[in-house]
Amino acid sequence: MSTDLVEFRQRAREWLAANAPAGGTGPGSVAEARAFMAKLYDAGFSGISWPAEWGGQGLGQAEQRVFDEEAGAYTLPTYYFSIGLGMCGPTVVDLGTDEQRRRWVRRLLRGEDIWCQLFSEPNAGSDVAALQTRAERAGDGWVVNGQKVWTSVAQHADLGLLLARTDVDAPKHKGLTMFVIDMHAPGVTVRPLKDMSGRSNFNEIFFDDVHVPDENRIGEVNDGWRCAVTTLLHERLSISGGVGGVAGGRGNPASFEALRATCDTADPVVRDALVELYVRERALELFNARLGQETRAGIFPGARGSAGKLLLAELTQFRADLATSLAGPAAVAWDPETEGAGGLAEALSVAPGLALGGGTNEIMRNIIGDRVLNLPPEPRADKNVPFKDLKVGTQQ
Amino acid sequence: MNLLLTPEQGELRAAFRSFLREAAPMAEVRRAMESADGYDRAAYARLNGELGLAGLIVPEEHGGAGAGFADLAVALEETGAALLPGPFLATVFAAIAIRESGDPAAAKEHLPGIAAGSTVATLAPLPGTPATVEAGPGGALSGELTALNGAEAGLLVVAAGERLYAVDPQAGGVTRTPLATLDLTRRQARVRLEAAPARPIGTLGRTPDLVAVALAAEQLGVLRRCLDTIVAYSKIRVTFGRYIGSYQGVKHKLADMHCALEQAESIVRYAAWAADESPADLPEAAALAQAYVGPACFRVARDHLLLHGGIGYTWEHDAHLYYKRAKTDEVLLGPPRGHRARLAGLLGL
Ligand SMILES: Cc1cc2nc3c(=O)[nH]c(=O)nc-3n(C[C@H](O)[C@H](O)[C@H](O)COP(=O)(O)OP(=O)(O)OC[C@H]3O[C@@H](n4cnc5c(N)ncnc54)[C@H](O)[C@@H]3O)c2cc1C
């Protein structure tokens, strides 16, 4: 390792030891998270590999990796920024104008703006190109009407990356446009939805005549699908190489390390089950490491990132299932006064989220089949038909 | 940790692939497996001569290329993908054992012949497999063991516990009986030693781990070829007016097979790196490689056979040859539970 990297690691380690909140495992408060991001930015550890001209540090993936390794010992309060950093920001960097990059990237990296991703709708999730939210020309801008759903962190968000329909006469993929929308604008209503774990991390959003200036448009009019694909590629890579890592983050009671401490490993059946978990964790960890090395060597993984996302979703489900089964009845009924006792029930309750958010397992398999293995596509009824003549969503 | 191939390794792979495509296509593999020798001696000699196959990991001072496991893995992936018949893997195992034995005299005596391709060798019993070999007075060996390409070998490297011995199968006290094998492309023999003269050549050392890494590389090659073959077929076979690869029942299975390939390749690169560069990681890497790659290779080989439909169940089709190789390899170093138990031990479970 070069002396620069060694020095960088040392600096990261010292800074984290002095500034990372001790003992935190949850997302913490929004105000704390914003303050932390600002400190992180000022110390030179936010947007490490992002272009310097837009506010990043302009360093390489190697530095980012070193920082992530050091940060692995902590749970940094960056949850509210994960959508912005993982997919919205990279989309702006890839596809925005210089003016847009100047406006948004530094603020994101400094924790000034929380972003959300406004793609899914009640009638369009896997088939997101079937979305119905309209953006219509009004003067020198646009007026947005419609509804989004399952939007993570929207209740805290300042900005949203919006995909909306701008042409109903064109086929579904050819009438979409991407915008950045001000979540505080008049006409935006955000309602938190309680998810199956009992938390409210995602929301439904209503747009009533929301004005969006044209300078907030990303890419060309009706070229939104291409933009969305860029966002989704970043999403899968950011999930599979996510901050929690393959082991599901520090303090995960279903991780191999946690289970070996709590289970009776003298029982050969238990021992073999733990070996299976270990093998799966290592297999994915090494695959992620290889993809990371390829990226640094200039080989962009593209759709292969979907394999990482799929494998992480499956591993997470497998682990939660295994951990609760090994624990037995204690996993499903506990004394609410005992700290941490409901951890495995929690792990089981959040596990399906990863297999749905960011594209379901079936969609990941479709992508691997179509774009990595180049298999013949399925016949489709929706390709060259004007959107207004298509069936979408739930139909009786 | 390095998990990527170097440009030179990319070239090595291309050289092996094109040579094997020309010299050992499946028609030749079938001819060889049905022949008396079980392999094509001329093609094997060319492989050793032109590509230095057998000498790859033999140190340069003994006439080899002095390559490491990262290079060896590239070669083994290709010989595995081609189901190359003959004693290559067995000879590599023996070369690994001699290299690791820490016995310079044995290296000097045996490695040049291996590198030149004139010595066919085998290591027996393979780590993880049962055998009863005992050293009697004067170092003569007695016992019974199974040896990969044992009937073809001109040199037996025999392990009795931790100790290694060189045995000349032509000398007295050695009886070899060919075994019937599931894998038709690679032979095995029962070897009976009755006070067979043997020369001690040091100890096993890291050999069990290194052999596990080498085998995993072959398995990766088998896995990849099976996936490539069935992906290609699913793009040309039509049912109900559509290519079978367009059906999700097929496509999703292929996607899962691809995921297995990505992880298997990552593990093999890691294990080869550990073998070359990081002795402390080698035991875990070797056990992990066999615990994951062996069963994954068999599952992919099985599904590749099934997705061919009825033709995949015929003797004429090659799918069963891969299927049988995959299962044979999976249990070559003992049943998979042995690797998992080893891993459990290394992890302190
Ligand atoms: C925790 C969480 C967070 C989320 N955060 C966000 C967010 O921040 N922003 C956002 O825009 N969205 C978000 N989503 C939405 C998520 O992307 C969608 O829920 C997901 O894409 C599935 O869409 P759907 O719910 O409409 O299900 P559907 O698309 O109706 O799918 C129903 C079932 O059909 C299967 N299916 C659908 N199409 C196919 C096909 N072609 N082939 C095979 N099977 C198919 C699916 O796999 C699934 O099992 C989030 C979801 C979750 C669970």
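Using a 1.4 angstrom probe, figure out how much accessible area the stretch A:174-280 has per residue, in square angstrom, rounded to the nearest whole.
Result: 46 Å² per residue.
Placing unit charges on C-beta atoms (Lys and Arg positive, Asp and Glu negative, everything else neutral), compute the dipole magnitude of the stretch B:7-203 about its Cα centre in debye, rounded to 20.
Its charge dipole is roughly 420 debye.
Divide by every residue of chain A the summed helix terms, -39500 (n - 2.57) for each DSSP H run of at least 4, and state the resulting mean residue ellipticity at 222 nm, rounded to the nearest 500 deg cm²/dmol.
-13000 deg cm²/dmol
Give me the accessible area buried between chains A and B, both sides summed, with a 1.4 Å probe, in Å² rounded to the nearest 100.
Result for this pair: about 3400 Å² buried.
So how far apart, in nm, are the two label points at B:M1 and A:E136 if each is 7 Å from Cα heading toward Cβ?
Spacing of the two 7 Å Cα→Cβ label points: 5.6 nm.
How many Å³ per residue does the convex hull of the Cα positions in the stretch B:7-203 occupy?
110 Å³
Gap in Å between the Cα centre of the stretch B:266-283 and the Cα centre of the stretch A:73-127?
38 Å
State to the nearest 20 debye the size of the charge dipole of the stretch A:295-396 about its Cα centre, where the only charges are +1 on K and R beta carbons and -1 on D and E beta carbons.
Roughly 780 debye, rounded to the nearest 20.
If you average 1/r across every pair of different Cα atoms in the stretch A:352-396 and take the reciprocal, what Kirkwood value do you get, in Å?
One over the average 1/r among Cα pairs gives 12.9 Å for the stretch A:352-396.
What angle, in degrees between 0 and 90 and rounded to the nearest 10, separates the Cα long axis of helix A:98-109 from the longest principal axis of the Cα atoms of chain A?
30 degrees
Summing Lys, Arg as +1 and Asp, Glu as -1, what charge do residues with Cβ under 9 Å from the Cβ of A:E112 carry, A:E112 excluded?
+2
Hey, what number do you get for chain B at 222 nm if only DSSP H runs of n ≥ 4 count, each worth -39500 (n - 2.57), divided across all residues, to the nearest 500?
Theoretical 222 nm ellipticity from helices: -17500 deg cm²/dmol.
Would you work out the relative contact order for chain A, in percent, from Cα pairs under 8 angstrom that are 6 or more residues apart?
Computed value for chain A: 14 percent relative contact order.
Averaged over peptide B:264-271, how many Cβ atoms belonging to another chain are found within 10 Å of each residue's Cβ?
Average neighbour count from other chains, rounded to a whole number: 5.
One quarter of the convex hull surface, Cα atoms only: what value does that give for chain A in nm²?
Projected area, direction-averaged: 22.1 nm².
Counting only protein heavy atoms and using a 1.4 Å probe, what share of the accessible area of the stretch B:14-111 belongs to carbon plus sulfur, as a whole percent?
Using a 1.4 Å probe with all protein chains present, the stretch B:14-111 comes out at 52 percent carbon and sulfur.
Averaged across the residues of A:271-278, what count of C-beta atoms belonging to other chains lies within 10 Å of each residue's C-beta?
If you average over the peptide's residues, the count of other-chain Cβ atoms is 6.
Per residue, how many Å² of accessible area does the stretch B:7-203 show with a 1.4 Å probe?
Value for the stretch B:7-203: 39 Å² per residue.
So what's the net charge close to A:Y41: Lys and Arg +1, Asp and Glu -1, counting the other residues with Cβ under 13 Å from its Cβ?
+2
How many percent of the accessible area of the stretch A:247-359 is carbon or sulfur, using a 1.4 Å probe?
57 percent
Could you let me know the centre-to-centre spacing of the stretch B:210-261 and the stretch A:315-380, using Cα atoms, in angstrom?
Distance between centres, Cα-based: 25 Å.
Per residue of B:232-241, count partner chain C-beta atoms within 10 Å of its C-beta, then hand back the mean as an integer.
The mean count of partner-chain Cβ atoms within 10 Å per residue comes to 1.
Compute the long axis of helix B:319-330 from its Cα atoms, compare it with the longest principal axis of the Cα atoms of chain B, and write down the angle in degrees, 0 to 90, nearest 10.
For B:319-330 against chain B, the angle is about 40 degrees.
Measure nothing but the geometry: give the 0 to 90° angle between the long axis through the Cα atoms of B:248-277 and the longest principal axis through the Cα atoms of chain B, rounded to 10°.
Taking Cα atoms only, the helix is inclined about 30 degrees.
Tally the DSSP beta bridges in the stretch A:115-223 and give the antiparallel ones as a percent, rounded to 5.
So the antiparallel bridges amount to about 85 percent of the total.
Using 0.36 nm per residue, how much length does the chain from B:R176 to B:Y313 gain when fully extended, once their Cα-Cα distance is taken away?
46.0 nm
For a quick protection proxy, order the peptides B:234-246, A:285-297 by their average other-Cβ count within 10 Å, most packed first.
A:285-297, B:234-246
Treat every Asp and Glu Cβ in the stretch A:136-221 as -1 and every Lys and Arg Cβ as +1, leave all other atoms uncharged, and give the resulting dipole magnitude about the Cα centre to the nearest 20 debye.
For this selection, approximately 460 debye.
Tell me the GluC sites (Glu not before Pro) within the stretch B:140-243 that lie in a loop according to DSSP and have at most 16 other beta-carbon atoms within 10 Å.
Listed in order of number, the matching sites are B:E162.
Just add up the charged neighbours of A:V66: K/R +1, D/E -1, any other residue whose Cβ is under 11 Å from the Cβ of A:V66.
-2
Specify the inter-centroid distance of the stretch A:249-270 and the stretch A:132-177, based on alpha-carbon positions, in whole Å.
Using only Cα atoms, the two centres lie 46 Å from each other.
The values are calculated or read from the model by the stated rules, or taken from the named source; none is laboratory data. Please read these numbers as outputs of a predicted model, since none were measured by experiment. No Cβ is skipped: glycine too gets one built from the backbone with ideal geometry, and neighbour counts run over all protein chains shown. Accessible surface areas use protein heavy atoms only, side chains included; no ligands, DNA or RNA. Shrake-Rupley method; radii C 1.70, N 1.55, O 1.52, S 1.80 Å.
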